[in-house]
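In what follows, a structure is listed as structure tokens, so that the remarks can point back to it.
The values are calculated or read from the model by the stated rules, or taken from the named source; none is laboratory data. Because the structure is a prediction, the values reported are computed rather than measured. Here the Cβ is made from the backbone with ideal geometry for all residues, glycine too, and neighbour counts use every protein chain on show.
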């Protein structure tokens, strides 16, 4: 306490003494001191205000990151950090004015506990102001006029909090519940401080809140967040849920909780030999060929654990396919107690993320099957596959990459099975069933990924303007997640090109129930989306790749000494174009159309080179699983 007195009370006492010399009133001295303090802190407050506006403008991007990685806190925090670094936003700046005010408050508190000593005032100096003794602590036990100070402090705090909630950028970037909580906290804290400290501190706190209101208003007119962050606020309002939606969501969550409890108990008690694990409904398509083969050629019962209550697996009418819904939180404990012979999943990061190997059985065989033909050391984390026992490899590149990882990290060799790519098999079958007629004019499909800085975010206008008027039918097919995250951006895009939509030159495809537009297009334009290889491998038609920022999850991929397939094949499957050279797109498309036969031959060779057992993934992977579960009777 002596240190605080020396560091804070002594200099603050001198300032208050000078203020007293000017005003000849202890109350007026406190008011003058509060005004001076606010003027001194104004540059810091202004800096924090601008920093909060920057955070407000980043809300759409932060929301997108949150939705991209709802179950990956590590990647979520990494992307947040990179975004803040790129935009030069510092989350700690907002704390600086608060710390400064805390120091001022502590100093004022020390002065007011012994004002005569710290302010060098003679004994008998009148400490009253408007009839209130500023040296007295208010008391409910002995009621006096000093009790008005907590009331005034609370009122001033309430007005300040309401004003801040209405127009400050910090409050605008937060949710309604958070802001209401802050209002309650601010008022309660102000009343409490005024109750337990001398009335002079309450006066200082009250005056401080009054001038804080003035500061908020001044900064609002100087830097209006509604103007400087209009787009972010518009998107936030567009994404705001209605009361009916909130009620429906609560009811759905309540139902899912009850359902989860039942399914988790069923799963835990079931006698299992084979489990498939999925995070979302969309992952079933990566297992379909394997599951179909096992169901047709064995008596094995497949237990399918999914974190998605709306998973399409629940619509399957198959007695040997038993689905369970369990949320990710509960999945963690279920996985730790898992009792099965084999678990198959397309979810990476076993043991390094939220889900771990079983502590009940050490001999479970954990099998990973890929959801794309892309390389393992670029779009996955470095340790994504380290703790699996078996990998169903799409092609020889997977074998080489995983063996390289094992060598570099001194890992035990995994069982690498030549399995092929089941989704390719399904898509090829669908493509072969289509009635293919030449398009009346070249059809160009634009199908971006939904990663940050995809081509819709970076260069869509330049891309469309370079293609319009050249005799093409242009189809824009945004990624479903992009529509979900940024519906207002998609609406703005559609509105900008309404005239071309009316003439049929541009079609915005927002219904993803079919793949006809993909397979019947003559050229695909994308960035880093895996759709490129699904399209080209099935149709044997080329692609144009826009070189938006590389999609990478492993910053160390270069030390592997192996060019990732995602990069290597871009100029073999088609051509790649930098975003700053987007006007070259028409020439690139023309050249690809003119040389489509040559690309047909080269892409056909790529499929043979980089995909094991085309059209036979189910047989390759299914046979392996059936043999591993040798006690099952295999159908002939």
(request) Determine which member of the set 493, 463 is under 17 Å from residue 524 (Cβ atoms), at pLDDT 90 or above and in the same structural domain as residue 524 (by TED's automatic domain parsing). (result) 463
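Can you tell me which residue among 85, 73 is within 21 Å of the chain's Cα centre (by Cα), at pLDDT below 75 and exposed (fewer than 15 other Cβ atoms within 10 Å of the Cβ)?
Working: 85 fails: at pLDDT below 75.
Checking each option against the conditions leaves just 73.
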(request) Restricting attention to helices (runs of 4 or more DSSP H) lying wholly within segment 146-256, give those where 1 or more residues are buried (at least 22 other Cβ atoms within 10 Å of the Cβ) and at pLDDT 85 or above. (result) 148-167, 199-222
(request) Output the residue which, of all residues in segment 292-308 that are touching a strand residue (DSSP E or B) at 6+ places or on another chain (Cβ under 9 Å) and in a helix (DSSP H, G or I), is farthest from residue 320 (Cα to Cα). (result) 297
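Could you check segment 350-373 and list, in sequence order, the residues that are assigned to a loop (DSSP other than H, G, I, E, B), closer than 17 Å to residue 278 by Cβ and touching a helix residue (DSSP H, G or I) at 6+ places or on another chain (Cβ under 8 Å)? Can you show your working first?
Quick first cut of segment 350-373, residues assigned to a loop (DSSP other than H, G, I, E, B) only: 350-364, 370-373.
If we keep only those that are closer than 17 Å to residue 278 by Cβ too, we end up with 350, 353-355, 370-372.
Within segment 350-373, 353, 354, 355, 370, 371, 372 qualify.
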(request) With the checklist (1) in a loop (DSSP other than H, G, I, E, B); (2) buried (at least 16 other Cβ atoms within 10 Å of the Cβ) in hand, flag the one item residue 614 doesn't pass. (result) (2)
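Listed here are the residues, each with its yes/no results for (1) surrounded by 13 or more Cβ atoms within 10 Å (Cβ to Cβ); (2) in contact with a strand residue (DSSP E or B) (Cβ under 9 Å, 6 or more places away or on another chain); (3) in a helix (DSSP H, G or I).
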{"position": "464", "(1), (2), (3)": "yes, yes, yes"}
{"position": "482", "(1), (2), (3)": "yes, no, yes"}
{"position": "490", "(1), (2), (3)": "yes, yes, yes"}
{"position": "502", "(1), (2), (3)": "no, no, yes"}
{"position": "517", "(1), (2), (3)": "yes, yes, yes"}
(message) For segment 584-592, check the following and say yes or no: at least one residue is in contact with a helix residue (DSSP H, G or I) (Cβ under 6 Å, 6 or more places away or on another chain) and farther than 19 Å from residue 395 by Cα.
(response) yes
(message) Suppose we keep only residues that are touching a residue at least 60 places away in the same chain (Cβ under 8 Å) and more than 17 Å from residue 537 (Cα to Cα) within segment 408-435. Which one would you say is surrounded by the fewest Cβ atoms within 10 Å (Cβ to Cβ)?
(response) 408
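State all residues of segment 563-583 that are farther than 20 Å from residue 536 by Cβ and either surrounded by 18 or more Cβ atoms within 10 Å (Cβ to Cβ) or free of Cβ contacts under 8 Å to residues at least 60 places away in the same chain (or both); if no residue qualifies, say none. I'd like the intermediate steps shown before the answer.
From segment 563-583, those farther than 20 Å from residue 536 by Cβ are 578-583; that's our starting set.
578, 580, 581, 582, listed by residue number.
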(request) Scan segment 267-281 residue by residue and report those that are part of a helix (DSSP H, G or I) and touching a strand residue (DSSP E or B) at 6+ places or on another chain (Cβ under 6 Å). (result) 267
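Among the listed residues 399, 379, 344, identify the single one that is under 27 Å from the mean Cα position of the chain (by Cα) and outside any loop (DSSP other than H, G, I, E, B). First the steps, then the outcome.
Details: 399 fails: under 27 Å from the mean Cα position of the chain (by Cα); 379 fails: outside any loop (DSSP other than H, G, I, E, B).
Step by step, each of 399, 379, 344 is checked, and only 344 is under 27 Å from the mean Cα position of the chain (by Cα) and outside any loop (DSSP other than H, G, I, E, B).
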(request) For residue 414, work out the one condition from (1) touching a strand residue (DSSP E or B) at 6+ places or on another chain (Cβ under 6 Å); (2) in the same structural domain as residue 569 (by TED's automatic domain parsing) it doesn't fulfil. (result) (2)
(request) From (1) under 30 Å from residue 134 (Cα atoms); (2) not assigned by TED's automatic domain parsing to the domain that holds residue 127, pick out the condition that doesn't hold for residue 216. (result) (2)
